[in-house]
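Worksheet: one structure, shown below.
The values are calculated or read from the model by the stated rules, or taken from the named source; none is laboratory data. Worth saying up front: this structure is predicted, and the values here are computed from it rather than measured. Here the Cβ positions follow ideal geometry from the backbone for every residue, glycine too, while neighbour counts run over all protein chains shown. Note: accessible area is taken over every heavy atom of the protein model, side chains too, but ligands, DNA and RNA are not part of it. Shrake-Rupley method; radii C 1.70, N 1.55, O 1.52, S 1.80 Å.
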Amino acid sequence: MGILNVTPDSFSDGGRFLDPARAAAQGLRLEAEGADLLDVGGESTRPGSPPVPLDEELRRVIPVIARLAKAVRIPLSVDTSKAEVARRALEAGAALINDVTALRGDPRMAEAAVRSGAAIILMHMQGTPRTMQRRPRYRDVIGDVTEFLRQAAGQAEAAGIECRRILIDPGLGFGKTVAHNLVLMRGLSR
């Protein structure tokens, strides 16, 4: 997955791709370098990051997805927790919703996926981006994350999203210590 952050404050490439033309060029570069999927996000989820208003996230993401949809051969994913951003991104050419809140951020997100037929990634995160790294704790990190993802996938299916269109992400680094991340990586088969 090639990650394309169109934000001023993301941890890896924040501020580098705010211009839609420059962002699209980076998307093409990621495809040429072997990415099988491009994930475009307009709201940073780095630790401590504040939420972004809907209109600002739309302004950042939609022009980039529209440009990339005409230029790349690989699927586009929109990294958002807002149903309206997901809906508009899917209309602009995205094929997948990457929801870091696993349907908890916006009660209309499942409907956006159902109506569009898009696949959805459900990610585990303890807390919110603003709070997730404040002393994360688990009884059993593999068991806790597995159970959360099982429930989130069940909720998605109950809302009408076909099982084959549900992907799960254990959320490495999202409300986890380095030790938690290493345990999760060793336990990915579960």
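Test LEU96 against the criterion of being under 16 Å from SER77 (Cβ atoms), modelled with pLDDT of 95 or more and open to solvent by 20 Å² or more (accessible area, probe 1.4 Å), and give yes or no.
no
Given LEU54, LEU38, which one is among the aliphatic types (A, V, I, L, M), under 17 Å from VAL100 (Cα atoms) and either free of Cβ contacts under 8 Å to residues at least 12 places away in the same chain or crowded, with 20+ Cβ neighbours inside 10 Å (or both)?
The unique qualifying residue is LEU38.
Identify, from the list LEU38, LEU76, the residue that is under 28 Å from HIS180 (Cα atoms), of a type outside the set (D, E, K, R) and touching an Asp or Glu at 6+ places or on another chain (Cβ under 9 Å).
None of the others qualify; the one that does is LEU38.
Taking region 61-93, which residues are touching a Lys or Arg at 6+ places or on another chain (Cβ under 6 Å) and either more than 14 Å from LEU4 (Cα to Cα) or crowded, with 24+ Cβ neighbours inside 10 Å (or both)?
Selection gives ALA83 alone.
Just to be sure before I move on: is LEU172 surrounded by fewer than 17 Cβ atoms within 10 Å (Cβ to Cβ) and within 17 Å of the chain's Cα centre (by Cα) in the structure I sent? Explain how you work it out, then say what you get.
Working: surrounded by fewer than 17 Cβ atoms within 10 Å (Cβ to Cβ): yes; within 17 Å of the chain's Cα centre (by Cα): yes.
Spelling it out, LEU172 is indeed surrounded by fewer than 17 Cβ atoms within 10 Å (Cβ to Cβ) and within 17 Å of the chain's Cα centre (by Cα).
Among the residues that make up region 59-72, is at least one of them outside any helix (DSSP H, G or I) and modelled with pLDDT of 95 or more?
Within region 59-72, one or more residues are outside any helix (DSSP H, G or I) and modelled with pLDDT of 95 or more.
Would you point out which residue out of ARG104, ARG46, ARG108 is within 14 Å of the chain's Cα centre (by Cα), open to solvent by 60 Å² or more (accessible area, probe 1.4 Å) and under 22 Å from GLN155 (Cβ atoms)?
Answer to the selection: ARG104.
Within region 6-34, count every residue that is open to solvent by 20 Å² or more (accessible area, probe 1.4 Å) and outside any helix (DSSP H, G or I).
11
ASP144: among the charged types (D, E, K, R), open to solvent by less than 50 Å² (accessible area, probe 1.4 Å) and on the phi < 0 side of the Ramachandran plot, yes or no?
On the way: among the charged types (D, E, K, R): yes; open to solvent by less than 50 Å² (accessible area, probe 1.4 Å): yes; on the phi < 0 side of the Ramachandran plot: yes.
Considered against the rule, which asks whether it is among the charged types (D, E, K, R), open to solvent by less than 50 Å² (accessible area, probe 1.4 Å) and on the phi < 0 side of the Ramachandran plot, ASP144 comes out as yes.
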